[in-house]
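The values are calculated or read from the model by the stated rules, or taken from the named source; none is laboratory data. Note that the coordinates shown come from a computational prediction; the quantities given were computed from them, not determined experimentally. Cβ sites come from the backbone with ideal geometry, for glycine too, and all protein chains shown count toward neighbours. Surface areas here come from the heavy atoms of the whole protein model, side chains and all, with no ligands, DNA or RNA. Shrake-Rupley method; radii C 1.70, N 1.55, O 1.52, S 1.80 Å.
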Amino acid sequence: MKLDQLLQQVARPSRYLGGERGSVCKDAAQVEVRFALAFPDVYEVGMSHIGLPLLYHRLNALAWVAAERVYAPWPDLEARMRAAGLPLETLETSRPLARFDAVGFTLQYELSYTNVLNMLDLAGLPRRRAQRNADHPLIVVGGPGAFNPEPLADFIDCAVVGDGEEAVVDLAEALRVSKAAGEDRAALYRRLAAIEGVYVPALFAVDYQPDGRLAAIRPLRPGYEQIRRRVVADLNRAFYPTRPIVPFMNTVHDRVAVEIARGCTRGCRFCQAGFISRPVRERNPATISDIIAAALGCSGYEEVSLLSLSTGDYSHIGELLKTLMDRYREQRVALSLPSLRVGSLTGELMEEIRKVRKTGFTLAPEAGSERLRQVVNKGITEEDLLATARTAFGLGWRLIKLYFMIGLPTETAQDRAAIVDLAAQVKRAGKGSGGADVNVAVSTFVPKPHTPFQWERQLSMAETLAEQERLREALRGKKLRFKWHEAPMSFIEGVFARGDRRLGAVLERAVELGCRFDGWRDHFRFDLWQQAFADCGLDPDWYLRQRQPDEVLPWDHIDSGIPKAFFLAERERALAGVYTPDCRHGDCAGCGVCDFETLRPQLAVPDFVAAEQAPPETAAEQPAKVRLLVSKAGAARFVSHLEFMTVLHRAIRRADIPVRFSAGFHPAPQVSFPDALPTGVESDAEVIDIKLSRPMAAEVLAAALNAELPGGFAVLGAEEVAWSTPAPSCCIAASTYRIQLPEGLEQGLDDRLAAFLTAAEVPVERLKKGRLQTLDLRAGVLEAERRDGALWLTLSKGSPVPVAAWLLALNQDEVAHLPIRKLSVRLH
């Protein structure tokens, strides 16, 4: 059995197809190193992550490397894969993971760790490093989790600490040389240890004190005591992909994503991302503009997201935003800035944002009181926040989302009460603006490695639940909506964030018990985690305790570039309520990350290029309409109707076809589709109409579209039709389908066909939206016959699946597995 035979049985099968526009398949003859890039979450989450496609295209830029992708299968597919004995394989070539030289996992979040082990299981690979040898792929991890990979240390071969786009090339080169030399795994480890930023856990031993604390982290190789974070010094010279992988399905962030800056020196003392990404390095506006132009042309996306830890802090953000909006306004491309900060929001910037963002406005005070914001070094005052809220409501926003944390160091009951008071003031700031809603989202503070708060205690689960209930009641009294992060999930995150190697046994046991997709509320099983800790004899609450300043921490051998002494000094400043200014525009804070020779803060040079203004439309519009006949075959049959519409819309954009847009607040391309084809059914007869703003020869349009459509889709024919021609859904009088019959299914079919065709009606019951309905199958069937080993149906309306199910005495799921193809349509 092959994987595609299971896709009819699972939700959202387009997750597993591969073959997306922008994906890469290499000629096997040229490949020396095969690298599987694995994301331990579902496809639509992983495809929204900016790091994995960067590494994917960086590796594939090397002629001798084939990089392919794999994502965690959703539980419905996992169960069927296990039942069928199918291994986990990549999207590009359906190659099992066990046949790669390396499998690299991105660790974005501690609650994805069970998926890492589960994916190894599905690949048929031994989980533990000690059980693998040189015949198995190298298991690599990277991302934020690599700054304390100790809970995974017994499972992985190495971790890339820091920026990956250069380190991954060095790692691939080491694999290439090691393979050619026929080295064993121990020799490869020594080779990897020589690469800056690569941590090899097998070359360290950990000793424990009787009370459970670490006694020492002992290097087993002379000169390999610390693993220094890898840093890309200049983003303007760094590799960045300009050919996005364009998914069939809608993903979490379905747009062109451009990293405009890396690093943050605001110095929020709880924020790991800020400290492990220093110093600030910005891309120049011209570089950003070039990346966007190329990516839009290759993708057909309608939105661009400008990414960084704090996009509003980019040196020339106002001018950049205005320049890009002027350039792409006529192309109807929207811009989004997902990470904005109160201190960086000017009135002018908010006015520009208002033009492109129509949803809620998000602000993150983190703490309710001025005192606690000073402790965490947030650097914004209550008046800053209220002034921003007043401006936002005044500019037309109706919803502001506020993000806070509970359990921050030195927090008191007064600080928590201040959350309610501040949120209420924000709501009052919107009075007189035509309505103001405020959502309050509260998460539990989780101390993270490589921050000034890495020694602090985390709230127990009981404390978190009690504080959440108090906030819920208080906010309800102020008519404020409350959202919270689940206490058990924060608990497990906290345990693993500062965990050590002993947690590997708990992680392994949790996977055996069935834990996976722990970051998803519906799949998180705290009861199984409790059992795993009990079975392994470990107390999870012990990992939430406060650490002593002189205590050996599990990540002490991982060098983020910032010494422990700086974090301790910042901790003391926090307890004293002393603010540390941002070094971006002020004095150096002495964090130690810069050497001011090869590495220093790099702010963008304002090398703006004036936007080319589109010439004014002088001629009157000459509307035209072209009708297409489109096929959908092979793996494309698993692309749903809505996804098929998106595929075509993006191909139209890439082909630069002068499609006409509707009027109104949200203009949409005027493309008309037929009624939905059932997912899993192939077709040679999808009729699609495109309205054009100016004439374009039908054959030229068809050729342009065929050059841009992904595999499995093709324009079979095109013709110009009158503007008044009704839409396809109104024009189609009949559709003919062929259902190929396996041996044995034809028995008794002729009798059932005769009975069906002579019946006045054939009522069947179906469940729709929880209600039982009666459907007459006979009403939509014009012709039905058995011919050439197939069942042929001509329908005036409806799906062939329920009709075939009745005629073949099968259920609809069984019919959906048969080869079904829509062959032709008859128009009115």
Completion exercise
Placing +1 on each Lys and Arg Cβ and -1 on each Asp and Glu Cβ in the chain, then taking the dipole about the Cα centre, the residue among THR758, MET81, LEU741 whose Cα reaches farthest towards the positive end is THR758
Handout entry: Placed amide H near ARG481: partners under 5 Å, 5+ positions off or other chain
Key = VAL438, VAL440
Exercise for the section: Would you check the accessible area of ARG738, probe 1.4 Å, heavy atoms only, in square angstrom rounded to 10? Expected result: 70
Handout entry: Label of the coordinate-derived value, mean projected area of the Cα convex hull in nm², listed as (i) 39.4; (ii) 49.4; (iii) 34.9
Key = (i)
Completion exercise
Per-residue accessible area, 1.4 Å probe, largest first, puts GLU686, GLU183, GLU366, GLU572 in the order GLU572, GLU183, GLU366, GLU686
Practice task
Using the Cα centre as the reference, give the magnitude of the dipole from point charges on the C-beta atoms of the chain (Lys, Arg: +1; Asp, Glu: -1; all else neutral), rounded to the nearest 20 debye.
Solution key: 1200
Practice task
Using θ = phi - 60° and the Karplus relation 6.51 cos²θ - 1.76 cosθ + 1.60, list the HN-Hα couplings for region 437-454 in order, rounded to whole Hz, with x at every Gly or Pro.
Solution key: 10, 10, 9, 10, 10, 10, 10, 8, 4, 10, x, 10, x, 6, 9, x, 9, 5
Fill in the blank from the handout: Length-normalised contact order of the chain, Cα under 8 Å, at least 6 apart, in percent, tallies to 11
Exercise for the section: Round to the nearest 10 and report in Å² the accessible area of HIS136, as given by a 1.4 Å probe over the protein chains' heavy atoms. Expected result: 50
Exercise for the section: Would you mind calculating the relative contact order of region 199-283 from Cα pairs under 8 angstrom and at least 6 residues apart, reporting the percent as a whole number? Expected result: 19
Exercise for the section: Please get the size of the charge dipole for region 614-730, origin at its Cα centre, with Cβ charges of +1 on Lys and Arg and -1 on Asp and Glu, quoted in debye to the nearest 20. Expected result: 220
Practice task
Please get the size of the charge dipole for region 679-803, origin at its Cα centre, with Cβ charges of +1 on Lys and Arg and -1 on Asp and Glu, quoted in debye to the nearest 20.
Solution key: 640
Practice task
Work out the charge dipole of the chain with +1 on the Cβ of Lys and Arg and -1 on the Cβ of Asp and Glu about the Cα centre, then indicate which of LEU107, LEU422, ALA655 is farthest towards its positive end.
Solution key: LEU422
Problem - Probe 1.4 Å - accessible area at CYS591, Å² to nearest ten - result: 10
Practice task
Pull the list of the chain cysteines that no other Cys approaches to under 4.7 Å, Cβ to Cβ.
Solution key: CYS25, CYS158, CYS264, CYS298, CYS515, CYS536, CYS583, CYS588, CYS591, CYS594, CYS730, CYS731
Problem - ³J(HN,Hα) computed for each position of region 207-215 - Karplus, 6.51 cos²θ - 1.76 cosθ + 1.60, integer Hz, glycine/proline x - result: 10, 10, 7, x, 7, x, 6, 6, 8
Fill in the blank from the handout: For LYS797, counting only aspartates and glutamates whose alpha-carbon sits under 16 Å away and dropping same-chain residues fewer than eight positions off, the answer is ASP675, GLU686, GLU761, ASP776, GLU783
Exercise for the section: Determine the relative contact order of region 69-214: mean sequence separation of Cα pairs under 8 Å and six or more apart, normalised by residue count, in whole percent. Expected result: 18
Completion exercise
Summing -39500 (n - 2.57) over every DSSP H run of at least 4 in the chain, dividing by its residue total and rounding to the nearest 500, the 222 nm mean residue ellipticity is -9000 deg cm²/dmol
Practice task
Enumerate by residue number the trypsin sites (Lys or Arg not before Pro) in region 223-285 meeting two conditions: DSSP loop (anything except H, G, I, E, B), and at most 15 other Cβ atoms within 10 Å of the site's Cβ.
Solution key: ARG237
Problem - Leading residue at positive end of dipole, the chain (Cβ point charges), from PHE453, TRP806, ALA392 - result: ALA392
Practice task
Evaluate E = 1/(1 + (r/R0)^6) for LYS768 and ASP788, where r is the Cβ-Cβ distance and R0 equals 35 Å; express this FRET efficiency to the nearest 0.05.
Solution key: 0.55
Problem - Accessible surface ranking that places the most exposed of THR598, THR287 first, with a 1.4 angstrom probe - result: THR598, THR287
Fill in the blank from the handout: Summing +1 per Lys or Arg and -1 per Asp or Glu among the other residues with Cβ less than 13 Å from ALA153's Cβ gives 0
Exercise for the section: Filter the cross-link list LYS2/LYS632; LYS26/LYS822; LYS2/LYS768; LYS322/LYS479; LYS2/LYS822; LYS2/LYS26 down to pairs whose alpha-carbon distance in this structure exceeds 26 Å. Expected result: LYS26/LYS822; LYS2/LYS768; LYS322/LYS479
Practice task
Rounded to the nearest Å, what's the spacing between the alpha carbon centres of region 62-79 and region 364-378? Just the number, please.
Solution key: 42
Problem - Eligible lysines near LYS564 by straight Cα distance, threshold 17 Å, same-chain separation 8 or greater - result: LYS448
Completion exercise
Residues whose modelled amide H sits under 5 Å from the amide H of LEU37, counting only those 5 or more places away in sequence or on another chain, are GLU68, ARG69, VAL70, GLY104
Completion exercise
With every protein chain kept in place and a 1.4 Å probe, the residues ASP541, ASP41, ASP751, ASP415 fall, from largest accessible area down, as ASP751, ASP541, ASP41, ASP415
Problem - Whole-Hz couplings from phi, Karplus 6.51/-1.76/1.60, listed for region 517-533; x for Gly and Pro - result: 6, 5, x, 9, 3, 6, 10, 5, 10, 5, 4, 6, 5, 4, 5, 4, 5
